[in-house]
Amino acid sequence: MHNIIAGRFTLQDQADIALAELQKAGFPRDALAAFYLNPNGQHDLYPIGGDAESSAGARHSGSGAAKGGGVGAVVGAVAGAAATPVIGPAGIAIGAGLGAYTGSLVGAVSSTDKQSDVDEQTGEPSFAQPDVTERAAGVLVAVRVSEDTRQTAIDTLTRLGAEDVEEAEGELRDGHWYDFDPHAVVRRV
């Protein structure tokens, strides 16, 4: 594992200048890497695209659908029973089926909306700001450092206008950060 300092630039030209300046500061070319970091949600980590196997907001929609379906079936059966003199005994089954269907849709949608505003660990409403440890999109310039060269890398990237200068551990060699994880917790410096 290597110690890595990385900074994000908005423009490719800025990243190119940073790479040149880091080389002038004594970092070998194979200890440097630069690549475009996609916006969150667009890292294409799964075969069908995206960053996550499932939508966080839809995680609990199944239980909402089950609850809504149960309530809807009861309400529909009662309505069907009331209509039995008009349409016959099939009214109970038809009412229960329509009620269950409608209730499951309403339950799934309402639980999806609620879950997006609920902290998954506590179950309490969440008013927190978005996690500031996520990486923003841009050109990431990374440099392999030692204890002796760490501050030089930080100073160079900062002086050149890098945003979100961070520290990480990983495998950076031959100009590639091989085990880069776009979801890793970011340690700002």
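The values are calculated or read from the model by the stated rules, or taken from the named source; none is laboratory data. Note that the coordinates shown come from a computational prediction; the quantities given were computed from them, not determined experimentally. Virtual Cβ from ideal backbone geometry, glycine too; neighbours counted across all protein chains shown. The accessibility values were calculated without ligands, DNA or RNA, using every heavy atom of the protein model including side chains. Shrake-Rupley method; radii C 1.70, N 1.55, O 1.52, S 1.80 Å.
Worth a mention:
- Restricting region 139-189 to residues that are of a type in the set (S, T, N, Q) and touching a residue at least 24 places away in the same chain (Cβ under 8 Å), the residue that is nearest to Leu11 (Cα to Cα): Thr158
- Filter result (at pLDDT below 65, in a loop (DSSP other than H, G, I, E, B) and not polar (S, T, N, Q)) within region 51-84: Asp51, Ala52, Glu53
- Look at (1) in a loop (DSSP other than H, G, I, E, B); (2) farther than 30 Å from Phe9 by Cβ; (3) modelled with pLDDT of 80 or more and you find that Ile48 fails only one, number (3).
- Search result, residues across region 132-189 that are under 22 Å from the mean Cα position of the chain (by Cα) and open to solvent by 50 Å² or more (accessible area, probe 1.4 Å): Val132, Glu134, Glu163, Asp164, Glu169, Tyr178, Asp179, Asp181, His183, Val185, Arg187, Arg188
Table: residues versus (1) farther than 17 Å from Asn3 by Cβ; (2) at pLDDT below 95; (3) of a type outside the set (Asp, Glu).
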{"position": "Gln121", "(1), (2), (3)": "yes, yes, yes"}
{"position": "Val139", "(1), (2), (3)": "yes, no, yes"}
{"position": "Ala142", "(1), (2), (3)": "no, no, yes"}
{"position": "Leu160", "(1), (2), (3)": "yes, no, yes"}
{"position": "Glu163", "(1), (2), (3)": "yes, yes, no"}
{"position": "Leu172", "(1), (2), (3)": "no, no, yes"}
{"position": "His183", "(1), (2), (3)": "yes, yes, yes"}
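- Restricting region 84-103 to residues that are more than 41 Å from the chain's Cα centre (by Cα) and among the aliphatic types (A, V, I, L, M), the residue that is least open to solvent (accessible area, probe 1.4 Å) is Ala90.
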